1. In nm, to one decimal, how far is the VAL119 label point from the ALA18 one, both placed 7 Å along Cα→Cβ?
2. Viscosity 1.306 mPa s, temperature 10 °C: Stokes-Einstein D of the stretch 110-179 from its Kirkwood Cα radius, in µm² per second?
3. Multiply the residue gap between GLU136 and ILE174 by 0.36 nm, knock off their C-alpha separation, and tell me the result in nm, one decimal place.
4. How high is the relative contact order of the stretch 110-179, in percent, counting Cα pairs under 8 Å that sit 6 or more residues apart?
5. Please sort 152-164, 54-66 by packing, taking for each peptide the average over its residues of neighbouring beta carbons within 10 angstrom, highest first.
6. Fewest first, what order do HIS28, HIS115 take by the number of other Cβ atoms within 10 Å?
7. Mind giving me the nanometre distance, one decimal, between the label points for VAL59 and GLN157, set 7 Å out from Cα along Cα→Cβ?
Amino acid sequence: MPQFAAPNHFLKGITMQAKNIILNTIYHITLGRNEVLGEVIAETDNGWNVRLLASDKIVKVNNAERFIRKARMIATTGDAPVEEPEVVVEAEATPKKTKTPKQPKEGMSALDAAHKVLVEISTPLNAKQITELVIERGYCPNLKGVTPHATISSSIQREIARKGSESRFYKAGIGLFGAIENKSE
């Protein structure tokens with residue numbers, strides 16, 4: 001038994017021949033490791049163009065051995081089921097979900113809150129002290145997690161590195177940050 005046999009391939013070892021493949025017919029086809037439903041829409045010099053039912057994509061199938069069997073649908077008329085070859089009912093496409101616009105977060109960003117605290121205190125603090133004051137004063141209710149002080153520290157350092165002299169913050173020493181009072185974003 002091959003390692004990657006098609007999932008519903010009950011006719012192991014039996015493949016279709018090129019002369020048996022009919023246009024406008026739906027077949028089970030192997031693509032890679034997957035078995036998919038596809039409708040043969042055209043015959044080319046070296047194969048067939050097949051429209052995949054699931055995605056409506058057109059793929060080229062060059063080898064008749066990829067065709068497993070014709071697709072079948074069982075329809076009921078009265079009490080007895082009737083098997084009708086070559087008919088497949090396509091499932092209705094589910095409508096795409098529309099994205100709801102994100103609601104603005106409460107309070108201010110962690111960086112804005114850190115700036116506000118440093119301006120109010122007007123003395124340089126380390127990241128843990130800044131974080132404690134931001135949380136205590138409720139400026140940034142979204143500042144959660146195991147290490148919010150690391151978030152504030154990295155945000156301040158990133159702004160200093162990117163904006164240089166235009167930054168709202170300055171380094172006052174190892175691990176100490178201060179704020180320039182008249183700069184705000």
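1. 7.7 nm
2. D, rounded to a whole number, is 135 µm²/s.
3. Value of the extension gain: 11.3 nm.
4. Dividing the mean separation by the residue count of the stretch 110-179 yields 41 percent.
5. Ranked from most to least packed, the peptides come out as 152-164, 54-66.
6. Sorted ascending by nearby Cβ count, the order is HIS28, HIS115.
7. 4.9 nm
Throughout, read-outs are computed from the coordinates displayed, never taken from laboratory work. What you are looking at is a predicted structure, and each value in this text was computed from that prediction instead of being measured. Every residue, glycine among them, receives a Cβ derived from its backbone with ideal geometry; neighbour counts consider all protein chains shown.
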